[in-house]
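Accompanying notes for the structure given below.
The values are calculated or read from the model by the stated rules, or taken from the named source; none is laboratory data. These numbers were taken from a predicted model, which means no experiment stands behind them. Every residue, glycine as well, gets a Cβ built from its backbone with ideal geometry; the counts of neighbours run over all protein chains shown.
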Amino acid sequence: MQQLDYSPDPTGEPADVRSSGPGRPGRRRRSFRRPADYAVAVFIAVAVLVVSLVIWDRSDIRNTTLITGPADVAIPAGPTVFPPSLGQVWTAPSGATPVPVVAGPTIATAADGSVVGRDPLTGQQRWRYTRDLGLCTVSESWGKVIAVYHKSTNCSEVTELDETTGARGAQRNGDAQMGTQLVSDGTYVTTTGPTLMDTWRYDMVQTIEYGKVPDFVNPDVQPRAGCTYGSVSAAFGLIGVIERCPNDPSDRLSIYRATAVSSDTPSVVTSNVIGGHAGRLIAMTSQYAAVAQADPTRLSVYDDQTGTLAASYPLNLPASDLAGDPAGRVVPSWTDSDGVYWYTGSSTIALSATDFHPLWTVNGTLGAGTPFAGRYLVPVPNGIEVLDVATGAGVGTIGVDRNGYRGPVAMATLGPMVFEQRGSTLAALR
């Protein structure tokens, strides 16, 4: 057995760096002391720092600001009697909210990349969430505020914000298309793109895609190709859409489930051509879908499960009310346990909550309206019409100065406050 020699070399070097054989130079340990070594180390450190700073500067964290608010905030009490008047208290820019966004004790506004949770009484900021991206739309679902931002060509960044504190909750990246709004049945939220709809549940997990899905993994799993969408509604785990497809002679009403075995393979309940080219899906229940149709102007009620026509009611509407499709492919309406209140573009029509038969009509309105203090409010030029909820009979009119604004008005209430979405401005009245 070879014995290793650990005796010192006459030169003072240890044996493990001596020559390992005749004529072979010994290996020496090189100390980290030369100027070039320090230069290389500094270069590496600076490079790592620069790369880290670039990544951080371009990251979502770097370009996101979140200011949370107090958690001990209560919903303000509503009035016990109907107020004799309503005056404007405050306004705020809110171009990314198609309707007033009421969530818990908060009214949210959205503009210039910022979503702001406000005190409904004063309009003062409670919390703020800001991105360096444009906002596509902001809505309420599951009691939370849902903010959708866009990068490049689609509305891909979705964030859930706590209604009271503004704390960030679930998030997702998606393929929602520009111009989308959100429709919700209380459990699922669906985007309303012109050729693609995405559906998510409360934890932002995608449950279904319907339409022109980018980067198909499984081709030919969508029911039809080349279709565009006119209007969308949802209820009780069902999603309805008016489709216009290349091989169809007229509008098609399709109803599919909000969940499926595979998220890219829709489970279609029914899909039928319904005639005409100006259909608008107004609302849905678990049993029926209400569609406004032209030539002649009528409200058609279809069975959700079979697609067959269940009832038809004549409507006296100008042709302009059904011209084109609604903004964001969502028909302006208010739905509660008493009924569906539909803004046609010139009138507000109340429909039965059970079978959608028309209950009453008020002409010359600017929006669907909202219930408040035992009455029903609808916006009209220069004011708000106060109606009996059951009959639509006029109770009175409250004058409102909208500072020259004459467009559509979406309404909501919170406590003693009445809110009006006037284009890109939210106004609070009390």
Practice problem: Give, as residue ranges, the strands (runs of 3 or more DSSP E) completely inside segment 173-281 that count at least 2 residues that are more than 18 Å from the chain's Cα centre (by Cα). | Solution: 238-244, 252-257, 268-273
Self-check item: Residue tally, condition part of a strand (DSSP E or B) and touching a residue at least 60 places away in the same chain (Cβ under 8 Å), over segment 114-140
Solution: 6
Self-check item: First in segment 93-113 and closer than 16 Å to Leu135 by Cβ and touching a residue at least 24 places away in the same chain (Cβ under 8 Å), second anywhere and part of a strand (DSSP E or B) and of a type in the set (Lys, Arg), Cβ under 6 Å, 6 or more apart
Solution: Gly113/Arg131
Quiz item: How many residues are in a loop (DSSP other than H, G, I, E, B) and either of a type in the set (Ser, Thr, Tyr) or at pLDDT below 95 (or both) if we restrict to segment 88-112?
Solution: 2
Quiz prompt | The listed residue being modelled with pLDDT of 95 or more, of a type in the set (D, E, K, R) and farther than 21 Å from Arg406 by Cα, out of Asp325, Asp303 | solution = Asp303
Quiz item: Restricting to segment 223-237, what's the tally of residues that are buried (at least 22 other Cβ atoms within 10 Å of the Cβ) and modelled with pLDDT under 95?
Solution: 0
